[in-house]
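What follows is calculated from the coordinates using simple rules that are stated; it is not laboratory data. What you are looking at is a predicted structure, and each value in this text was computed from that prediction instead of being measured. Cβ placement follows ideal geometry from the backbone for every residue including glycine, while neighbour counts extend to all protein chains displayed.
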Amino acid sequence: MNADKIRLVQLWITHAEDDLAFARAGLKDGFYNQVCMLCQQAVEKYLKACLVQAKGSIEVKEKIHDLAKLADFCKSHGFDFREHHVALRTLSEFYIPTRYPDASFDTFNKEDAEGALSMAEEIIADVKKSIVSG
């Protein structure tokens, strides 16, 4: 991998890790909606790091927030995260309602946030292995 690609992959990972750190802190302080959103964002950024590793950039069609679709793009480049399909779909559902106050949603609770963090950490652990081996 060339230096520019390594730097860009690392940038995506750094931002994802920041999101995870804030999610963990938010869970302790009761910011459950934000925890759910940050978990979705962390996984999204790790999946995009995989795409950058594979291709060097993110295409316009890949600038989406649907984690299952991003995982499909990753699969076409040799990264297979199908075992996380249900979790990817669940985390994707947190994107819109947690970002926009006028979106119709029920406020997420501690259990939702804990579940989101657990799913995100499990998916990210597998994505990290793929990035290292890719």
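Listed values, structure above:
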{"read-out": "Exposure proxy order (Cβ contacts within 10 Å, fewest to most) of K128, K28", "value": "K28, K128"}
{"read-out": "Listed residues E93, E62, E111, most fluctuating in the chain (Gaussian network, C-alpha, under 10 Å)", "value": "E111"}
{"read-out": "Exposure proxy ranking, count of Cβ atoms within 10 Å, fewest first, for H65, H77", "value": "H77, H65"}
{"read-out": "Column: log10 I(q)/I(0), Debye, Cα scatterers of segment 1-61, q = 0.20 Å⁻¹", "value": "-0.70"}
{"read-out": "Taking only Cα atoms of the chain, radius of gyration then Dmax in Å", "value": "14.4, 45"}
{"read-out": "Residue-span extension gain [D29 to D126] - 0.36 nm each, minus C-alpha spacing", "value": "32.2 nm"}
{"read-out": "Listed pairs K48/K129; K5/K69; K61/K128 exceeding 19 Å between Cα atoms", "value": "K5/K69; K61/K128"}
{"read-out": "Cα-projected label distance for D80 with D4, points at 7 Å along beta-carbon direction, nm", "value": "3.3"}
{"read-out": "Average Cα contact separation per residue, the chain, under 8 Å, 6 or more apart, as relative contact order %", "value": "32"}
{"read-out": "With Cα atoms, 0 to 90° folded angle of helix 110-133 axis to the chain main axis", "value": "10"}
{"read-out": "MRE, 222 nm, helices only [DSSP H, n ≥ 4, -39500 (n - 2.57), over the chain, to nearest 500]", "value": "-24000 deg cm²/dmol"}
